[in-house]
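Below: one structure in structure tokens.
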Amino acid sequence: MHTLYGLGVSGWTEKARWALSHHGIEYRYREHTPLIGELALRWRTPNGPRPTTVPLLLEDTRVTMGSFNIARRAEELSTGAPPLFPASALPTIQRWEEVGDHVLRIARASVLRRMLDNPRALDESLPSFIPRFLHAVSRPTARMGVSFLARKHSAVADPEAAIRDTVIPTLERLRTELRGRPYLMDEGFTYADVTACTMLQFARPMDEAWWPLAPATREVWHHEPLAAAFPDLLEWRAALYEKHRRPPPRALPSGTNSASAA
Ligand SMILES: N[C@@H](CCC(=O)N[C@@H](CS)C(=O)NCC(=O)O)C(=O)O
């Protein structure tokens with residue numbers, strides 16, 4: 001069976017899982033732990049691009065890195081679900097993929113910044129093998145993990161300015177392009193919708209059933225001014241999830257790597 005390495009809180013992992021699920025592809029899910037898991041990640045991709053990131057899909061002898069590449073691979077492995085990448089949608093998909101990637105990077109910088117001010121969120125980011133009573137003393141390690149991610153992915157220095165200058169105009173463009181329709185393409189649901197709607201996870205994350213997050217982590221993923229400015233887009237996303245995204249299986253107890261189907 002295939003194995004997907006991912007980060008539960010990451011929009012990129014969500015995009016890959018959505019595409020795999022859409023195509024009914026079974027896989028085992030393994031949660032990656034930043035910093036601690038870095039060497040293993042590099043070891044799995046000796047000749048791959050740097051920096052090494054998740055999601056990463058492992059088949060017998062094949063490694064696919066990156067949400068977009070995994071979604072395309074899912075389409076190749078599909079057993080007959082409607083395509084997410086119809087030829088007519090490719091230019092639109094490509095455009096929203098680039099913009100969406102940029103927004104997710106700003107989202108990550110914003111969330112990492114807010115985590116540093118939220119001790120409970122820092123505690124929740126610690127690996128599950130660290131018992132609760134050691135959380136307070138392990139907080140410096142959690143801070144190290146957050147700083148490591150910010151450095152590794154060259155986080156923007158001023159996320160709020162980037163939200164104002166980039167994210168808000170992008171979401172306004174999405175609103176204009178949708179024109180109240182359920183999908184970006186008249187033909188129906190495509191990967192353009194997946195990649196565009198994933199940007200909204202950082203305005204307000206999807207409900208627990210679709211995006212399980214610990215309570216303080218959920219708080220730092222919530223950007224109230226953005227959520228208040230784009231309620232129509234949040235409704236659009238909710239409808240997409242209802243119709244097209246099967247809730248992922250519940251995670252197994254902490255410390256257990258979940259053997260999950262898409
Ligand atoms: N363009 C990539 C971006 C993936 C990415 O940046 N992943 C981050 C998510 S925060 C990651 O791997 N973080 C964990 C780490 O770097 O150890 C994609 O589409 O998958």
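So for the chain, averaging the separation of alpha carbon pairs under 8 Å that are six or more residues apart and normalising by length, what relative contact order in percent results?
27
Excluding ligands, DNA and RNA, what is the solvent-accessible area per residue of the chain at a probe of 1.4 Å, expressed in Å²?
49
Are there trypsin sites (Lys or Arg not before Pro) in region 141-195 that DSSP marks as loop and that have at most 15 other Cβ atoms within 10 Å, and which are they?
Arg179
Towards the positive end of the charge dipole of the chain, with charges on Cβ (+1 Lys, Arg; -1 Asp, Glu), say which of Thr92, Thr79, His135 has the farthest Cα.
His135
So which residue, out of Glu75, Glu97, Glu177, gets the largest mean-square fluctuation from a GNM of the chain using Cα contacts under 10 Å as springs?
Evaluated over the chain, the most mobile residue of the options is Glu177.
How large a share of the accessible area of the chain, in percent, is made up of carbon and sulfur atoms when the probe is 1.4 Å and the other protein chains stay in place?
After summing per-atom areas, the C and S share lands at 57 percent.
Dividing the Cα radius of gyration by the Kirkwood radius, what Rg/Rh value follows for the chain?
When Rh is taken as the Kirkwood radius, the ratio is 0.94.
Taking the Cα centre of region 81-128 as the origin, how large is its charge dipole in debye, to the nearest 20, when only Lys and Arg (+1) and Asp and Glu (-1) carry charge on their Cβ atoms?
Charge dipole of region 81-128: 100 debye, to the nearest 20.
While we're here: Provide the convex hull volume over Cα atoms per residue for region 132-256, in Å³.
Each residue corresponds to 146 Å³ of Cα convex hull volume.
Here's something else I'd like to know. Rounded to the nearest Å, what's the spacing between the alpha carbon centres of region 175-228 and region 25-41? Just the number, please.
Rounded to whole Å, the Cα centres lie 24 Å apart.
What is the sum of charges around Pro225, taking Lys and Arg as +1, Asp and Glu as -1, for the other residues whose C-beta is under 12 Å from the C-beta of Pro225?
0
Taking every DSSP beta bridge that has both residues in the chain, what percent is antiparallel when rounded to the nearest 5?
60
Considering all projection directions equally, how large on average is the shadow of the alpha-carbon convex hull of region 2-77, in square nanometres?
4.6
The values are calculated or read from the model by the stated rules, or taken from the named source; none is laboratory data. Quantities reported herein were computed from a predicted structural model and do not represent experimental measurements. Here Cβ is always computed from backbone atoms with ideal geometry, including for glycine, and neighbour counts include all displayed protein chains. Note: accessible area is taken over every heavy atom of the protein model, side chains too, but ligands, DNA and RNA are not part of it. Shrake-Rupley method; radii C 1.70, N 1.55, O 1.52, S 1.80 Å.
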